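Where a number appears in this text, it was derived from the coordinates with a stated rule and is not lab data. Every value quoted in this text rests on a predicted model; they were computed, and no experiment measured them. Here Cβ is always computed from backbone atoms with ideal geometry, including for glycine, and neighbour counts include all displayed protein chains.
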Amino acid sequence: MPSPAQGDERESMNFDGSFLNQLQRSSDALFQYLEQFPRVRVLVIGDLTLDEFLMGQAERISREAPVLILRHEVTRQIPGGGANAVYNLARLGAQVKVGGFLGKDEQGSALQQIFQGAGIDTRGILIDPNRPTVTKTRISGHARQSVNQQIVRIDRKSDDPPELDLQLQLADYVKQQLATVDAVVCSDYGDGALMAPVIAAALEHDRTIVDTQTDLHRFQSATLFTPNLPEAEQAVGYGITNQQTLLRAGQDLLQMTQARAMLITRGEAGMTLFEQTPTGLTSQHIPAFNRTEVFDVTGAGDTVVAALTLGLCSGASLWEAAVLGNLAASLVVRQFGTATTTTDAMAETLRSLLNLEGSES
Ligand SMILES: Nc1ncnc2c1ncn2[C@@H]1O[C@H](COP(=O)(O)OP(=O)(O)OP(=O)(O)O)[C@@H](O)[C@H]1O
Ligand SMILES: [Mg+2]
């Protein structure tokens, strides 16, 4: 009899037989792609964010105002937004170049240091003297022997786009790098790295993967888009509430963008891949691999993009690449905040998924 945990895991995966068969058939290839990741060269153009966490223990109420005083214990700084996609790629072993903007501030230096520590080529990062580094600072506190609780978040960002001159400089950098990378990833959180001249330069590469929170139309004819469900709904202008509307949305999005493929990520429902093939539109559903141990889904989409890009560059089909993205996401949703995973962890999880199937047949 399976242990309760094992039983839950099977239950939660809700795989149908055909998905498992397909996974089994591709398994040798999937392990091989993982081994190729260190050879892959990727340029990420991204809205770079610093996620900051300040934590302390609640001591007393202030005499200045009716507020808590926390005694500072620890500060954590983690790449967020497009910087999370960059960091995920590096932690998966790829050769990563990053293009984008940082402010002339401590937060920008912190992010540069994190990147350089991970072996990321930061020569494409331009300093924007007029705009701060996008920073989200969460302040949380805890009473003695109790769990941390977020009290407030402070965001630093500008509503203005970078000046045209800076946009053109970034576009030039992108053009110079096109021949040196296997793929270009656009990680667009709407903070100004992905303006028209930069997008035009990125789309000159024949493998451009786009994860955007802004208008998909701006990236016409990219190879692949990875909208999450709300982003897909926003783009098509109707709710995606059942199989029928999901299929219609996939079709509409492909038509709208002229992309080769569209991967709609659907949180705990997994993801659906729509592909334009010579014989017509195909759609394939990939169930989430892990729903029982989910701790924090923040940034899972960035992880999907990272792993699937490396899959595609290693020779995987779109479906296989999406499976790798799904596998990587299943690992980061078990961790706190935006997080990363490694090819070793992915291989181990893949092995256990395959064993699970073996014990069921
Ligand atoms: N609750 C969950 N349980 C299991 N897997 C999940 C869960 N949420 C997300 N995932 C995995 O992560 C993938 C991406 O998640 P989602 O669709 O939420 O992306 P996203 O909204 O773009 O994320 P973000 O913008 O925070 O990076 C899903 O397709 C799935 O594989
Ligand atoms: Mg996303």
Net charge dipole size for the range 101-242 [Lys, Arg +1 and Asp, Glu -1 on Cβ; Debye, nearest 20]: 620
Selected from Thr279, Thr342, Gln258, residue furthest toward positive end of dipole (the chain; charges at beta carbon): Thr342
By average C-beta atoms within 10 angstrom, highest first, the peptides 242-248, 49-55: 49-55, 242-248
Amide hydrogen neighbours beyond the local backbone of Gly99, cut-off 5 Å, H modeled: Val44, Ile45, Gly46
Percent RCO, i.e. relative contact order, over the chain, from Cα pairs under 8 Å lying at least 6 residues apart: 18
Under the Karplus curve 6.51 cos²θ - 1.76 cosθ + 1.60, θ = phi - 60°, whole-Hz ³J(HN,Hα) for the range 261-277, x wherever Gly or Pro sits: 8, 9, 10, 8, 8, 10, x, 5, 8, x, 8, 10, 9, 10, 9, 8, 10
Net charge over other residues, Cβ less than 12 angstrom from the Cβ of Thr309 (K, R count +1; D, E count -1): -1
Bridge type composition, the chain - antiparallel percent by DSSP, nearest 5: 50
Paired Rg and Dmax values of the chain, which use every Cα atom, in angstrom: 21.1, 73
Förster-model FRET efficiency, 30 Å R0, Ser158 and Ala58, C-beta, rounded to 0.05: 0.35
Ordering of 320-333, 249-262 by burial proxy (mean other Cβ atoms within 10 Å per residue, highest first): 320-333, 249-262
Lys, Arg +1 and Asp, Glu -1 on Cβ, resulting dipole of the chain about Cα centre, debye, nearest 20: 500
For Arg291, residues with placed amide H under 5 Å, excluding near neighbours: none
Under 5 Å, built H, 5+ apart or other chain: amide partners of Asn228: Thr265
For the range 118-177: relative contact order, % (alpha-carbon pairs under 8 angstrom, 6 or more apart): 35
Residue order, fewest to most surrounding Cβ atoms within 10 angstrom, among Ile209, Ile125, Ile61: Ile61, Ile125, Ile209
Positive dipole terminus of the chain, leading residue within Gln113, Gly325, Ala193 (C-beta point charges): Gln113
Size of electric dipole in the range 209-361: Cβ of Lys, Arg +1 and of Asp, Glu -1, about Cα centre, debye, nearest 20: 240
Helix-only CD estimate at 222 nm, as mean residue ellipticity for the chain, using -39500 (n - 2.57) per DSSP H run (n ≥ 4): -12500 deg cm²/dmol
